[in-house]
Every structure is written in structure tokens, then in C-alpha cells.
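Working notes, beginning with the structure itself.
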Amino acid sequence: MSRRFAAPLTAVDTVDIADTPGGARVEAVKRIAGEDPYLVGHYPDFTIYPGVFTLESVHQAIRHWATERHGPGAVAELATITSISFAAPLVPGDTLRIGCDLTEHDDTPATVRAKVRCHRGDGALSARMTLELRIDRRDGDDHA
């Protein structure tokens, strides 16, 4: 069975969405807990939240927006990673703060561009990325 997201990883704790001219602003928070089972072995002597999980946190935040904006059957599928860079590690006890500026395009299929900056709770930049996502409006569950 294929999945559209990294279940059962809950990669965001809270998501706030605000409309902006031409798109939306999505802000999300993920608290990094050392006891989370997916952190075991990342790395044994210096546990960090992997960069791919930061990407998954961003993706899940945008999925929340897609569901709110386009309805319960909508899914934001990652199409392109235009750019991505990681600047500071996230370790247990840190809080990942995600800020996504979304710009919708009325293509067929519909697409959205996400300009993203992620910060740790201390304000340090942890990652930045630019993504393109397809908005799939078909009905069905998230585990198809």
C-alpha cells in the first residue's frame, strides 16, 4: 500500500492559516521530543531531527491548508523541491517553527508554490526551502 504522507509520523503539533493576497500564510509548530521513536539512531551520540522530517513537517502543514482551502478530499502532493538548505540542527527540546508563504496557480492540475523558512525556538534559522505542490481534489482517504 502506498501512502501520500509519512504515517504515522505526526510532524506538526499546531497549524495556523491566514489568507493573503494571492495565496495564504501557513504557520506551524513541531516540538522535538527525544522519546519519539523515530529519533532512535539519529544519531546515537547526538540526536537530531532529520532534515527529511523537517520537509515532512512542512508538507503536513501545507496538507492542512489544502484540506481547509479545498475541502476534505484535497491533498497537496509534493511535485518539485526547487531549493532546500539546512542551517542549524534541531535537537530534542527544540521547537520547530514553520512559516510558509503560499501562492496558488490556477493550472490544471492546480499548483501552489511554497516559500518556506523554518526556525528553532531560539530564533535561529534551521531550514529554508521552495517547493511546488499539486493540489489533488479527488475524493478518497489519506492512505490511498
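Whether any residue in segment 49-71 is touching a residue at least 60 places away in the same chain (Cβ under 8 Å), not polar (S, T, N, Q) and not in a helix (DSSP H, G or I) is what I want to check.
Yes.
I'm trying to understand the selection: among the residues of segment 72-129, which are over 17 Å from the mean Cα position of the chain (by Cα) and either within 16 Å of E56 (Cβ to Cβ) or part of a strand (DSSP E or B) (or both)?
The one that is over 17 Å from the mean Cα position of the chain (by Cα) and either within 16 Å of E56 (Cβ to Cβ) or part of a strand (DSSP E or B) (or both): H105.
Counting only residues that are surrounded by fewer than 15 Cβ atoms within 10 Å (Cβ to Cβ) and not acidic (D, E), which one in segment 89-115 is farthest from F46 (Cα to Cα)?
Checking each candidate, the answer is T108.
If you take the residues in segment 44-78 that are hydrophobic (A, V, I, L, M, F, W, C) and closer than 13 Å to V91 by Cβ, which one is surrounded by the fewest Cβ atoms within 10 Å (Cβ to Cβ)?
The qualifying residue surrounded by the fewest Cβ atoms within 10 Å (Cβ to Cβ) is F46.
What are the residues in segment 27-43 that are open to solvent by less than 90 Å² (accessible area, probe 1.4 Å) and either β-branched (V, I, T) or without any contact (Cβ under 8 Å) to a residue 12 or more places away in the chain (or both), if any?
Selection gives V29, I32, D36, G41, H42.
The values are calculated or read from the model by the stated rules, or taken from the named source; none is laboratory data. A quick note: this is a predicted structure, and the numbers were derived from the prediction, not measured. Every residue, glycine as well, gets a Cβ built from its backbone with ideal geometry; the counts of neighbours run over all protein chains shown. In case anyone asks, the SASA skips ligands and DNA or RNA and just uses the protein heavy atoms, side chains included. Shrake-Rupley method; radii C 1.70, N 1.55, O 1.52, S 1.80 Å.
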